[in-house]
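Colleague: My structure is below; once you've seen it, I'll send some questions.
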Amino acid sequence: MSYSVRVEGLGKRYMIKGNRRHRLLRDEIMSFVKEFPRKAETRQEFWALRDLGFEIAEGDKVGIIGKNGAGKSTLLKLLSRVAEPTTGEIRLRGRVSSLLEVGTGFHPELTGRENIFLNGVILGMSRIEVRRKFDEIVSFAGVERFLETQVKHYSSGMYMRLAFSVAAHLDPEILIVDEVLAVGDAEFQKKCLGKMQDISTGGRTVIFVSHSMQTVTSLCNQCILLDSGQIRKQGRPSEVIIEYLGGDSESVGRVDFERQGRTVADEHVQLLYGEVLDEDDQPILEADIRKPIRVKMGFRVKSRSGIRFMPNFHFVVPGGTYAFVSTPDVLTELTPGDYEASCYIPGDFLNEGSYFVGLAVSSYAPGLTIHFFEPSAMTFNVRDSMDGSVGRHGYANVMPGVVRPRLQWKVEEASN
């Protein structure tokens with residue numbers, strides 16, 4: 001398959017002013033008098049990106065992830081030709097449409113209608129081509145009533161909806177989107193993701209920055225992790241997200257607190273370790289969506305207290321939303337010793353995406369007591385191999401929601 005984007009030795013350098021300690025106005029005046037003419041301020045080099053190299057095939061959907069300041073937005077600006085690279089080169093095949101921030105390319109004094117045609121001209125399209133797409137753009141954005149209004153009077157949501165609609169509908173071979181979808185409501189975000197899916201299905205390329213790991217998992221077939229301006233990992237979204245969320249640390253899939261030299265405990269009970277296991281009892285980083293998994297926690301009861309301890313697992317998705325909390329049905333008094341608590345999760349239950357597991361032991365005698373709680377102790381991914389054996393009509397990859405259970409259904413002719 002031929003490439004859509006090829007990057008070789010790419011770097012972007014900025015010159016920033018040297019740090020100067022805060023000084024009072026009188027200090028500045030005295031400095032000016034003593035040092036006139038003043039020396040030039042010192043400037044330092046800052047490389048936002050350095051020596052990047054990668055290739056994106058036609059039709060790929062690529063997510064760019066990383067912490068704030070990793071260089072994600074800088075990379076998109078270079079790919080969009082908004083900024084020039086300091087080193088290296090970028091080769092693009094096809095027309096590029098980009099949405100880097102709300103209303104990029106819009107003129108605030110022009111109406112919505114005028115800006116649609118303006119953006120079309122910027123992309124190199126004729127008025128006839130824009131007119132052919134015009135009704136579809138307006139309908140997708142939902143701004144029919146405000147077409148003759150200057151966009152400076154639009155709300156940020158309206159601005160973003162029209163900007164995305166224009167960028168996505170004017171037939172780009174390469175669509176580049178920064179994480180502006182956060183401005184819209186959930187319904188419009190879903191429409192945007194569906195549109196980007198349609199674009200890539202048609203053989204065109206989508207590149208976008210996101211802090212939502214579930215969005216990256218649902219949309220992308222490739223992922224690039226940036227760290228301090230360099231590529232830390234590139235590959236399948238599930239593999240790259242695991243690297244991003246947990247890196248190579250022990251906290252991914254398994255954590256052993258004793259080996260770490262950490263004591264997570266109160267005077268009654270102590271957390272020893274946690275594991276995510278497959279059906280063969282092997283620690284895993286990634287689970288097949290169809291296969292069951294087991295989450296296990298080891299803990300030590302330190303003394304006889306008469307307390308009926310309640311182990312519990314907290315499952316959280318990126319962004320902090322709780323998927324669910326699970327506890328055993330029956331609690332019994334535990335004598336001093338080491339124990340293991342396991343929670344079995346069936347296949348076809350969790351949705352595709354990344355999950356954090358919090359480990360806790362609590363009790364209710366009298367009132368709620370949390371003996372320990374280690375949030376996000378472990379991380380694992382659930383992945384749909386999309387090999388055709390799991391049918392989910394109307395959806396490709398992730399479905400809306402945190403869980404994706406396979407429930408019993410019956411469809412039959414109604415009796416008269």
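The values are calculated or read from the model by the stated rules, or taken from the named source; none is laboratory data. Computed from a predicted structure; not experimentally measured. As a convention, Cβ positions derive from the backbone with ideal geometry for all residues, glycine included, and neighbour counts pool all protein chains shown.
Table: residues versus (1) at pLDDT 80 or above; (2) outside any helix (DSSP H, G or I); (3) outside the structural domain of residue 136 (by TED's automatic domain parsing).
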{"residue": "165", "(1), (2), (3)": "yes, no, no"}
{"residue": "176", "(1), (2), (3)": "yes, yes, no"}
{"residue": "179", "(1), (2), (3)": "no, yes, no"}
{"residue": "193", "(1), (2), (3)": "no, no, no"}
{"residue": "198", "(1), (2), (3)": "yes, no, no"}
{"residue": "206", "(1), (2), (3)": "yes, yes, no"}
{"residue": "214", "(1), (2), (3)": "no, no, no"}
{"residue": "218", "(1), (2), (3)": "no, no, no"}
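Colleague: Is it the case, given these coordinates, that residue 63 is touching a residue at least 40 places away in the same chain (Cβ under 8 Å), assigned to a loop (DSSP other than H, G, I, E, B), in the same structural domain as residue 153 (by TED's automatic domain parsing) and in contact with a Ser or Thr (Cβ under 8 Å, 6 or more places away or on another chain)?
Modeller: no
Colleague: Another one. Given the criteria modelled with pLDDT of 85 or more and either acidic (Asp, Glu) or outside the structural domain of residue 305 (by TED's automatic domain parsing) (or both), does residue 413 qualify?
Modeller: yes
Colleague: Restricting segment 144-160 to residues that are closer than 13 Å to residue 188 by Cα and of a type in the set (A, V, I, L, M), which is modelled with the highest pLDDT?
Modeller: Among those that are closer than 13 Å to residue 188 by Cα and of a type in the set (A, V, I, L, M), it is 158.
Colleague: Are any residues in segment 309-326 part of a loop (DSSP other than H, G, I, E, B) and either modelled with pLDDT of 95 or more or buried (at least 18 other Cβ atoms within 10 Å of the Cβ) (or both), and if so, which ones?
Modeller: Listed by number, the residues that qualify are 309, 317, 318.
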